[in-house]
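K.L.:
Please see the structure below; I have some questions.
The values are calculated or read from the model by the stated rules, or taken from the named source; none is laboratory data. Quick caveat: nothing in here was measured; it's all calculated off a predicted structure. Note: ideal-geometry Cβ built from the backbone for every residue, glycine included; neighbour counts use all protein chains shown. Only protein heavy atoms, including side chains, enter the accessible area calculation; ligands, DNA and RNA are left aside. Shrake-Rupley method; radii C 1.70, N 1.55, O 1.52, S 1.80 Å.
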Amino acid sequence: QETPTEFEPDPLVIEVMEKLVKSISLRVRLANLLREGDVKEATFTRLFESYGARGERWMKRRNEMLERNRYDLDEMEKALTEARMGLEELEIRKAIGDVSEGEYQAKAPAFEWDIRLLDDELRRRKGEIAYLMDLAQVISASEAQDLREMAESCNEDLDGLVESGRINSETAARVKAALGDALKGLNG
């Protein structure tokens, strides 16, 4: 999918993505504190669940935006095809004498306007979809790399934390699942 260089995301889209990234970041950083022994399991669990609930809300908003854009994209592509076909038919009818020059001059600009408008909107929607799909649009490469490394380290150490009795296996399983989701998002 192409991402237009001029694409400027809507402020609401930016907010949703920033909040989603913040939620992921907070959960990874909190898991790192747990790994380092800087937070008690009970406190960790309460905060981790709270950040998780917020993250789920932002993920849901993001997914709704993606779904709406994809649906609208299909509808716009159909309308664009119709407008192009309408213009082509009008040009053919003019060429064979079925439409006068005056009628052509009256109808062609409407088709051309629809085509330009739909092309522009399709580019904007494709840019928004690409933006919503890529957390790297919102977070710096170095911060994303730091979070990836932190998440990977936490994942590697969770079994040891369970074996040492610092956390229970249920907490470890929830953290592993969340870190796996975070890594998927951070890796694109």
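K.L.:
For Thr45, Thr171, Thr81, give the ranking by accessible area with the largest first, probe 1.4 Å. The partial results should precede the final answer.
P.N.:
On the way: Thr45 35, Thr171 5, Thr81 75 Å².
Descending accessible area places them as Thr81, Thr45, Thr171.
K.L.:
Say the dipole of the chain comes from +1 at the beta carbon of Lys and Arg and -1 at that of Asp and Glu; which of Leu73, Pro109, Leu26 then lies farthest toward its positive end?
P.N.:
Leu26
K.L.:
Here's another thing I want to ask about it. Can you give me the solvent accessible area of Leu30 with a 1.4 Å probe, rounded to the nearest 10 Å²?
P.N.:
Leu30 exposes around 10 Å² with every protein chain in place.
K.L.:
When ligands, DNA and RNA are left out and all protein chains stay put, how many square angstrom of accessible area per residue does segment 28-170 have with a 1.4 Å probe? Spell out each step's value before the answer.
P.N.:
Numbers: 8680 Å² over 143 residues.
With the other protein chains kept in place, segment 28-170 gives 61 Å² per residue.
K.L.:
Helix 41-95 versus the longest principal axis of the chain: what angle, 0 to 90°, nearest 10, using Cα atoms?
P.N.:
Relative to the chain, helix 41-95 is tipped by roughly 10 degrees.
K.L.:
Going through segment 26-86, which trypsin sites (Lys or Arg not before Pro) have at most 10 other Cβ atoms within 10 Å and a DSSP loop state?
P.N.:
Values: sites: Arg27, Arg29, Arg35, Lys40, Arg46, Arg54, Arg57, Lys60, Arg61, Arg62, Arg68, Arg70, Lys78, Arg84; in loops: Lys40.
Here no trypsin sites (Lys or Arg not before Pro) fit, given the DSSP loop and packing criteria.
K.L.:
Over the chain, what is the mean sequence separation of C-alpha contacts under 8 Å (at least six apart), divided by residue count, expressed as relative contact order in percent?
P.N.:
Details: 144 pairs, mean separation 65.2, N = 188.
That works out to 35 percent.
K.L.:
What does the accessible area of Met85 come to, in Å² to the nearest 10, when a probe of 1.4 Å is used?
P.N.:
90
K.L.:
I would also like to ask the following. Please list, or write none, the lysines whose alpha carbon is within less than 23 Å of the alpha carbon of Lys78, excluding same-chain residues fewer than 8 places away.
P.N.:
Result set, ordered by chain and number: Lys107, Lys126.
K.L.:
I'd like the accessible area for Lys184: 1.4 Å probe, protein heavy atoms, all chains in place, Å² to the nearest 10.
P.N.:
140
K.L.:
Which entries of Lys19/Lys184; Lys40/Lys60; Lys19/Lys176; Lys60/Lys176 have Cα-Cα distances beyond 19 Å here?
P.N.:
Numbers: Lys19/Lys184 17 Å; Lys40/Lys60 30 Å; Lys19/Lys176 21 Å; Lys60/Lys176 21 Å.
Over 19 Å Cα-Cα: Lys40/Lys60; Lys19/Lys176; Lys60/Lys176.
K.L.:
Pop out the carbon and sulfur fraction of the accessible area of the chain as a percent, whole number, probe 1.4 Å. Don't jump to the answer; show the numbers that get you there.
P.N.:
Working: 5460 of 11180 Å².
C and S atoms contribute 49 percent here.
K.L.:
Do the sum for the chain: with -39,500 (n - 2.57) for every DSSP H run of n ≥ 4, divided by all residues, what is the mean residue ellipticity at 222 nm, to the nearest 500 deg cm²/dmol?
P.N.:
Working: 5 runs with 155 residues, N = 188.
Mean residue ellipticity, 222 nm, calculated: -30000 deg cm²/dmol.
K.L.:
Direction-averaged shadow area of the convex hull around the Cα atoms of the chain, nm²?
P.N.:
Values: hull surface 52.2 nm².
The directionally averaged projection comes out at 13.0 nm².
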